[in-house]
Amino acid sequence: MAAHPGSRPDPTHLMRLSTAFWESQVFLTANRIGLFALLADGPRPVGEIAGGLGTHPRPTELLLKACVALELLTLEGGQYGNAPAADAFLVPGKPGFMGSAFRYSDNLYDTWGQLESALRENRPPLATEAYLGGDQGMTRDFVYAMHERAIGAGRALVGLVDLGGRQRLLDIGGGPGTYAALFAQAHPALSATVIDLPGIARHAADIVAGMGVGERVELLPGDFKQTPFPDGRDVVLISGVFHRESEASCRELIARAYRCLQPGGLMIVSDVFTDRSGTGPLLATLFGLNMMLTAPDGGIHADAAVADWMAEAGFGDVTCRSFPPPMPHRLVQGVKPA
Ligand SMILES: C[S@@+](CC[C@H](N)C(=O)[O-])C[C@H]1O[C@@H](n2cnc3c(N)ncnc32)[C@H](O)[C@@H]1O
């Protein structure tokens, strides 16, 4: 990316950046109009595809060819078919389906177009309430997007932390309940309480029940800034929440989590974090902007800073770890001294 010392600057990287959104639009539009679902049963010619999608054949063929170039589709004998990744992750009903997660990115396309006004006004162009219960469709998309992402990251988290012998988990801002449900599946003696806003908790109840652990994962609808945390917990999880919150709010959540834990209790914070410099990894820096555009205090923190806040709140054995690649998440955990 950067020029080698002594070499002349090259505009290739800039040209690439200037059109990177073309690729996103091809992919997100194809996902939105149901292209990959249409090809679930096998390849088809352009005329049939346009007919099935209700689109015009001429522009559709251009889109299909771009999808082939992007390795989303294959083209053989005049028939377009799903490439392996599209078949695995973009066809509704498949176990790895992530189409709703990508719909969430799609929903934010216009919001990213307002980056300049957000910079000038220091306020998110997207009203947070819209996807946290205000707009039913956006809220549903958001919850299922969180769930589809959390399935992979949650399985990794279950493998990363040892909850053996622990019995009562509190998941603060637990969203779809996916993490709590995965922990409950892995540990039959564990029960969990998930706090999240009422509009989210409604969908979470369905998801948790569908994962077969509805009896051990309780939903507590409410605002985590006001709802008292149930005490006597031996694990607290806060995942994907700190990127919406200021440092002061994160410290407050850590202090309240500390108080509701029994001695020896474990606190786990997982999220996308930057390194100490704040300038990398790239995805984390972009994610910080994404959160600035979508939440009033949205941004990004460094895991090392969170570790400092936890240590200052009284936690011991505070450690930071990365999730297995390619997952961008990192984990900070600490133990309340016995
Ligand atoms: C990015 S999601 C993370 C969900 C889940 N923990 C995960 O990692 O997949 C952030 C969650 O925090 C919830 N949230 C944000 N502000 C909240 C508040 N004041 N009270 C309760 N929940 C809140 C949102 O509804 C959302 O479900």
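Details
- The order of the peptides 197-209, 317-329, 164-176 by mean Cβ neighbours within 10 Å, most packed first, is 164-176, 197-209, 317-329.
- Amide H contacts under 5 Å for LEU220, placed H, 5+ residues apart: VAL194, ILE195, ASP196
- Value of [θ]222 nm, deg cm²/dmol, for the chain, DSSP H segments ≥ 4, -39500 (n - 2.57) each, nearest 500: -14000 deg cm²/dmol
- For region 16-49, the residues whose backbone nitrogen is under 20 Å from a point 7 Å from the Cα of GLU76, taken along Cα to Cβ, are 36-49.
- Under the convention that each Lys and Arg Cβ holds +1 and each Asp and Glu Cβ holds -1, the size of the dipole of region 113-193 around its Cα centre is about 260 debye.
- Normalised by residue count, the chain yields a Cα convex hull volume of 166 Å³ per residue.
- Extension gain for ARG321-GLN167 works out to 53.1 nm (0.36 nm per residue, less the C-alpha to C-alpha distance).
- Local electrostatic count at ASP234 - Lys and Arg +1, Asp and Glu -1, tallied over other residues with Cβ under 9 Å: +3
- In this simple spin-label model, placing a label point 7 Å from the Cα along the Cα-to-Cβ direction at both THR55 and ASP297 gives a separation of 4.2 nm.
- Acute angle (nearest 10 degrees) that the helix 247-260 long axis makes with the longest principal axis of the chain, alpha-carbon atoms: 50
- Residues whose placed amide H lies under 5 Å from that of THR274, excluding near-sequence neighbours: HIS301, ALA302, ASP303
- For the Cα trace of region 229-318, dividing Rg by the Kirkwood Rh returns an Rg/Rh value of 0.99.
- Förster-model FRET efficiency, 45 Å R0, ALA85 and THR227, C-beta, rounded to 0.05: 0.65
- Whole-Hz ³J(HN,Hα) from phi, Karplus 6.51 cos²θ - 1.76 cosθ + 1.60, for region 311-323, glycine and proline x: 4, 5, 7, x, 5, x, 6, 7, 9, 10, 9, 9, 6
- Percent accessible area from carbon and sulfur atoms, the chain, protein chains only, probe 1.4 Å: 56
- Surface accessible to a 1.4 Å probe, MET211 within the full protein complex, Å²: 30
- Placing +1 on the Cβ of every Lys and Arg and -1 on the Cβ of every Asp and Glu, with no other charges, gives the chain a dipole of roughly 200 debye about its Cα centre.
- Per residue, in Å², the accessible surface of the chain once ligands and nucleic acids are set aside, probe 1.4 Å: 49
- Region 186-338, Cα convex hull volume normalised per residue, Å³: 127
- All Cα-Cα separations within region 12-96 were binned at 5 Å from zero, giving a P(r) of 3, 15, 26, 26, 15, 8, 5, 2, 0, each value a whole percent of the pairs.
- Charge-dipole axis of region 97-161 as Lys and Arg at +1 and Asp and Glu at -1 on Cβ define it, positive-most pick from LEU119, GLY152, LEU108: GLY152
- Gyration tensor (Cα) of region 117-157, equivalent ellipsoid semi-axes in angstrom: 26, 15, 6
The values are calculated or read from the model by the stated rules, or taken from the named source; none is laboratory data. If you're wondering where the values come from, they're calculated on a predicted model, not measured in any experiment. Neighbour counts are summed over all protein chains in view; Cβ atoms, including those assigned to glycine, are modelled from backbone coordinates with ideal geometry. Heavy atoms of the whole protein, side chains included, go into the accessibility calculation; ligands, DNA and RNA do not. Shrake-Rupley method; radii C 1.70, N 1.55, O 1.52, S 1.80 Å.
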